[in-house]
1. Has region 54-66 got at least one residue that is buried (at least 18 other Cβ atoms within 10 Å of the Cβ) and either in contact with a strand residue (DSSP E or B) (Cβ under 6 Å, 6 or more places away or on another chain) or assigned to a helix (DSSP H, G or I) (or both)?
2. Does residue 41 satisfy the condition of being in contact (Cβ under 8 Å) with a residue 60 or more places away in the chain, at negative phi, surrounded by 12 or more Cβ atoms within 10 Å (Cβ to Cβ) and in a helix (DSSP H, G or I)?
3. Having 3 or more residues that are modelled with pLDDT of 95 or more and under 17 Å from residue 60 (Cβ atoms) is the bar; report the strands (runs of 3 or more DSSP E) wholly within region 93-159 that clear it.
4. Would you check which residues across region 111-126 are closer than 17 Å to residue 18 by Cα, crowded, with 17+ Cβ neighbours inside 10 Å and without any contact (Cβ under 8 Å) to a residue 60 or more places away in the chain and list them?
5. State which residue is farthest from the chain's Cα centre (by Cα) when the search covers only region 1-33 and only residues that are without any contact (Cβ under 8 Å) to a residue 40 or more places away in the chain, closer than 30 Å to residue 146 by Cβ and part of a helix (DSSP H, G or I).
């Protein structure tokens, strides 16, 4: 989901991990995508609900499902990203690199999880959901949370 990418873009930017860091990520330019994504999320949850067709119990009600699943999607994608970096040796892949004190180094999972925690600490509900998420196995993909079997999601404009 594009809104999640706006939240995670600085986590996946290799320059973030350079030492010394040549870029100041405190500049308004870098905050703008996150600010706009959060405004879009607020607009979506203000004007729409996510229903199940046919209606099926899934632990959410129609008024909270969209917001809850958007948070769950972001937390799951952050966890999958972190786990992918953590598994790069097992997968025999060379992960992203950064420059630290003039030497090229691989970006480590500890750096990524630290960046996720730092960047998303202000996202409403993220910290609690992240703490719960880390007690579980990481999702195997970046897909939106699946709906219950034999149902589909329907986006409905609030009346």
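1. Scanning region 54-66 turns up at least one residue that is buried (at least 18 other Cβ atoms within 10 Å of the Cβ) and either in contact with a strand residue (DSSP E or B) (Cβ under 6 Å, 6 or more places away or on another chain) or assigned to a helix (DSSP H, G or I) (or both).
2. It is false that residue 41 is in contact (Cβ under 8 Å) with a residue 60 or more places away in the chain, at negative phi, surrounded by 12 or more Cβ atoms within 10 Å (Cβ to Cβ) and in a helix (DSSP H, G or I).
3. 152-157
4. Within region 111-126, just 113 meets the criteria.
5. Ranking the qualifying residues of region 1-33, first place goes to 33.
The values are calculated or read from the model by the stated rules, or taken from the named source; none is laboratory data. Given the structure is predicted, the values throughout are model-derived calculations rather than measurements. As a convention, Cβ positions derive from the backbone with ideal geometry for all residues, glycine included, and neighbour counts pool all protein chains shown.
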